[in-house]
Every structure is written in C-alpha cells, then in structure tokens.
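Undergrad: Mind looking over this structure? Questions follow.
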Amino acid sequence: GILQVRAQIAHFPDDSASWTLLGLLTREAGLHDETVRHLQHAVLLDPSRHRAAQHRVFQEFYAPELVPARVRAVHERWAETYAAPHYPRTPPAPIRHLAGRRLRIGYVSPDWKFHPVAKFSECFLRHHDRTRFEVFCYSCTRRVDARTRALAHLPEHWVEATRLTDEELCGQIRHDGIDILVDLAGHTPGSRALVFARQPSSVQVSFIGHIGTTGIPTIGYRVTGAFADPPDQGYDAHWTERLVYLPETAWCFSAPTDAPPVAPLPGASQRRITFGSLSHLGKISPATLATWSRLLHVVSDSRLLLVRDPLRDREVRARFLRYFVDAGIAPDRIDLRDWPQNQGNRLAAYHAMDIALDPFPYNGMTTTCDALHMGVPVVALAGEIHVARMGVSVLSNVGLAGPCLACSENEYIEKAARLAADRAALAVLRRELRPRMERSPLMNEPQFTRHLESAF
C-alpha cells in the first residue's frame, strides 16, 4: 500500500521505481496532484525510464480539466523523447498486393487476462473470418490467468512475447509477415510502444486499449466510431493518427460468463433510491463530486454507493466521506465499500444500485457496459474529447441517449432525478436492459467483426 511504499522511499529516496509505484497507488486512490508530482519525480530521477514517463502521460486523462490540445502535446513530447530514437531509417515497404493470400493481422497486448481489454477484444478474436484473415496474437501478459488461457485458443497463432525484447519482438513480427499490426495498449501499463516506434509492419493501428492519441507517428491509424469522435467537427485534431471509422460502435462488449442474473430493483422495496458507481477513483473529479453532491440534495430520499478496492484504506474512505459531509450530505447516505475479489461478486454490487452515475470528464467504459448488462441505467455527461465521450457512444448504441445522456452538469442532475422519480419505469427498464443490450450493436460480435475486417 501507499504507506509501505513511502517507507521504502524513506530508505531509498533516489529509487525511481518506488516513486513510480507510489504514483500508481495514489492514482488508484484518486489523488491526481500527488500522482503527477510522484511520477514527475520518478522521471527526473531516471530520465531513461520511458515507462515512468508513460504513466505520467497517461495521468493527463485524469486531470480535472481535460484540454485536448494539451493531451496531444504531452503525448507528442513523450514520442519525441523516447520513441524517436527508434524510428526506422527506412520505413518498411508498403503492401502493394496480397496475391490472393489472407491478410495477416497482428494484435499486441499485455492485457489478455482479467482486464477490460480482454472483454473488448474477445469478440473479434473469436469471429475473424479465417478464410480471409490470418490472426496472430502477441501476448505480453505477465500475470496469466484463466482468461488468458481461454483467449489463447481463439486465434490461429498465439505468440508468448512477454520475455522477448523489443528488438526480438520486432524480428518475430517481421518473420511472420504481418500486414497490419494493431496496438491494444498505447501508454497503459505493460505496453510495447517502442516496438511500434520501430515499425516492424508498414501499417500500424491503435485500437481499444489507449483512450487518446499515442503521439507516435509510426502508428498511422486509429480505429474509432462517430459517437466518440464525431467526423467533420475537428476531432481529428486530437489525434496524430488518421481516424478510421467503424459504423455504430468502436467497441464490442463480451459479457463475462459468470455474470449473475439481473436482480429486482432495490428501490421498489426500499424507501430510498440508490445511486452508485464502480468507477476508478481517479476518474471521480472535483466536478463529478460536486455534481453528485448536488444530485443527492435534489433527490433527498437517495443515497450514494461507491465500490472500489482503495476504499478499504481508512484514509481514502475518510477523504471521500469528508467531501460529502462538507457538502451537507449526512454520512449515513454515503456507502463506501472495497472491491470484492471475485468478478461475479463485483458485478453483484449492481444489485444494490438503482441508477449508476458515470464520472467525468474521464468517462467509464467497462463499468458502463457492466452496469447496463446488470440492468442498471447509467447517467453520463458528454464531453469534447474521445475519453469524455465513451458514455455517448455506449448510451447511443443502446438507445438510452434521450433519458440518460446530458450535455451539462445541470442536465445531468435533472436526468438522474427524473429517472429516480419514476420507480415503476425504472423497474421495467431494469428487466429490459440486458436483452436490449444483447440485441444492440454493442454485443453483436459477428457484425462488429465484419465492420472491423472491412476497415482493415
């Protein structure tokens, strides 16, 4: 925990790795300013640590105010410092013709395990047309689990790449003759960004794992959707990559096989409505907390349930509770719980929620899909950058933009309050949401894969 790492730093104050770990722990606890200081200090101690610098770059998405131009600039600076020395002197020759053979797609990820990326990549690994595409997965997954083992059977080629150096992995990719190399990590932990800097494939694509531009010019394309990055509205300025649009949705959600059944609406048998969130605490910005506090004042017969692992820490719990108390909310209306270790138990937390609240400006994605699949509607705020429009994409594809998607904080409160005021309608929505989601583009795995293949 944070205290243990601070003790380690007290003995070894110049250890960059410890400062990096401290930054990641304070990120989990929702302490943005502290995280920035710790990660910057880690980079100052050892400027060669590109991963510490990546963590600092990624922290920009947790900033209380997201400025698209700044987000792009910090990513480009990272690339100029760490990726540029590895750019090839002569880029690989472009594909001129395929001579009737299948297109070779290579996916690179450190997250084929119990992780959101696995939920959103499983569908196309399962449904790729093997008569037209030959799929290679380069797994850089360090902590192999049951999900890893299940996914490994889906593609034709599963390459264990964790122990390969960047040069060795590039050599393997070139040997395999990959036509399109797809990065599923960007600047998230365990990424192989410097492999993409070396450009082992002439066509390189960013997809799913990273929520903004990579800043790396050797990655030429980004797969996205019109809800997340509306075309002809200047959103391409947020990316160094060229945007390639999929129709309907840029993500396809594979529900966990151990998802519990949808439970009855708790507000139907209780005297109060329960709002809730399972989002990363770092996403719960000051503006989010202020809006949630105002909502609790407007809906006086309500409470707020937050579930996340760092809430087991007494100081973290006290800090969040203190905020609401200072905002005039009685402490018995705030329920703070730590994160159950079992996935099924985590999803069961939605049994206690009537309405889920999406944080902003950094929206949820997996948590939004999980909530809807568990029958819980999600209220979200639309922003002006990809990371702040994931809720727009999900809710629009499920047909909930009208009742659940807001364009201002006041509208966010109004829509959440309107949902809370009609418990009969909430009960009907709870029964209908899972089948509605299963019928939507968000869970139509074969159709999504055909769209992705057309893009390739």
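Undergrad: Counting only residues that are closer than 25 Å to MET390 by Cβ, at pLDDT 95 or above and not small (Gly, Ala, Ser), give me the helices (runs of 4 or more DSSP H) lying completely in the range 251-349 with at least 1 of them.
TA: Ranges flagged: 286-298, 314-326.
Undergrad: Then there's this: State whether one or more residues within the range 267-280 are without any contact (Cβ under 8 Å) to a residue 12 or more places away in the chain, closer than 20 Å to MET353 by Cα and out of contact with any strand residue (DSSP E or B) (no Cβ under 8 Å at 6 or more places or on another chain).
TA: yes
Undergrad: For the range 42-63, what are the residues that are among the hydrophobic types (A, V, I, L, M, F, W, C), open to solvent by 50 Å² or more (accessible area, probe 1.4 Å) and out of contact with any Asp or Glu (no Cβ under 7 Å at 6 or more places or on another chain)?
TA: LEU44
Undergrad: Can you tell me how many residues within the range 202-245 are assigned to a strand (DSSP E or B) and buried (at least 23 other Cβ atoms within 10 Å of the Cβ)?
TA: Residues that pass the stated criteria total 6.
Undergrad: A further question on this structure: For the range 410-425, enumerate the residues that are of a type in the set (Asp, Glu) and over 15 Å from PHE360 (Cβ atoms).
TA: GLU414, ASP422
Undergrad: Another question, then. Please work out if GLU248 is acidic (Asp, Glu) and in a loop (DSSP other than H, G, I, E, B).
TA: Yes: the conditions hold for GLU248.
Undergrad: For the range 357-417, please list each of the helices (runs of 4 or more DSSP H) lying entirely inside it that holds at least 2 residues being at pLDDT 95 or above and within 15 Å of the chain's Cα centre (by Cα).
TA: Once the helices (runs of 4 or more DSSP H) in the range 357-417 are filtered for at least 2 residues that are at pLDDT 95 or above and within 15 Å of the chain's Cα centre (by Cα), what remains is 366-373, 390-397.
Undergrad: On the basis of being assigned to a helix (DSSP H, G or I), modelled with pLDDT of 95 or more and open to solvent by 70 Å² or more (accessible area, probe 1.4 Å), does LEU25 make the cut?
TA: It is false that LEU25 is assigned to a helix (DSSP H, G or I), modelled with pLDDT of 95 or more and open to solvent by 70 Å² or more (accessible area, probe 1.4 Å).
Undergrad: Moving on. Hey, LEU39 hits all of (1) open to solvent by 10 Å² or more (accessible area, probe 1.4 Å); (2) part of a helix (DSSP H, G or I); (3) farther than 25 Å from ASP229 by Cβ but one; which does it fall short on?
TA: Answer for LEU39: the failing condition is (1).
Undergrad: Within the range 141-187, how many residues turn out to be charged (D, E, K, R) and in contact with a Pro (Cβ under 8 Å, 6 or more places away or on another chain)?
TA: The number of residues fulfilling the criteria is 2.
Undergrad: A further question on this structure: Identify, from the list ALA79, ALA84, ALA69, the residue that is part of a helix (DSSP H, G or I), closer than 22 Å to ALA237 by Cβ and open to solvent by 60 Å² or more (accessible area, probe 1.4 Å).
TA: None of the other options fit; the residue is ALA69.
One line per residue, one yes/no per condition, for (1) among the charged types (D, E, K, R); (2) in contact (Cβ under 8 Å) with a residue 40 or more places away in the chain; (3) closer than 18 Å to PRO359 by Cα; (4) buried (at least 21 other Cβ atoms within 10 Å of the Cβ):
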residue: MET374; (1), (2), (3), (4): no, yes, no, yes
residue: ALA380; (1), (2), (3), (4): no, no, yes, yes
residue: ALA401; (1), (2), (3), (4): no, no, yes, no
residue: LEU405; (1), (2), (3), (4): no, no, yes, yes
residue: LEU433; (1), (2), (3), (4): no, yes, no, yes
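Undergrad: Also, I was wondering about something else. Considering only the range 246-256, I want to know if a residue exists there that is on the phi > 0 side of the Ramachandran plot and in contact with a strand residue (DSSP E or B) (Cβ under 9 Å, 6 or more places away or on another chain).
TA: Checking the range 246-256: at least one residue is on the phi > 0 side of the Ramachandran plot and in contact with a strand residue (DSSP E or B) (Cβ under 9 Å, 6 or more places away or on another chain).
Undergrad: Would you say ALA287 is touching a helix residue (DSSP H, G or I) at 6+ places or on another chain (Cβ under 9 Å) and open to solvent by 20 Å² or more (accessible area, probe 1.4 Å)?
TA: yes
Undergrad: Could you tell me which of the residues GLN59, GLN8, GLN40 is farther than 19 Å from ARG319 by Cβ and under 25 Å from the mean Cα position of the chain (by Cα)?
TA: GLN40
The values are calculated or read from the model by the stated rules, or taken from the named source; none is laboratory data. The model shown is predicted, which means the values in this text are computed figures rather than measured ones. Every residue, glycine among them, receives a Cβ derived from its backbone with ideal geometry; neighbour counts consider all protein chains shown. Heads up: the accessible areas ignore ligands, DNA and RNA and are worked out on the full protein's heavy atoms, side chains in. Shrake-Rupley method; radii C 1.70, N 1.55, O 1.52, S 1.80 Å.
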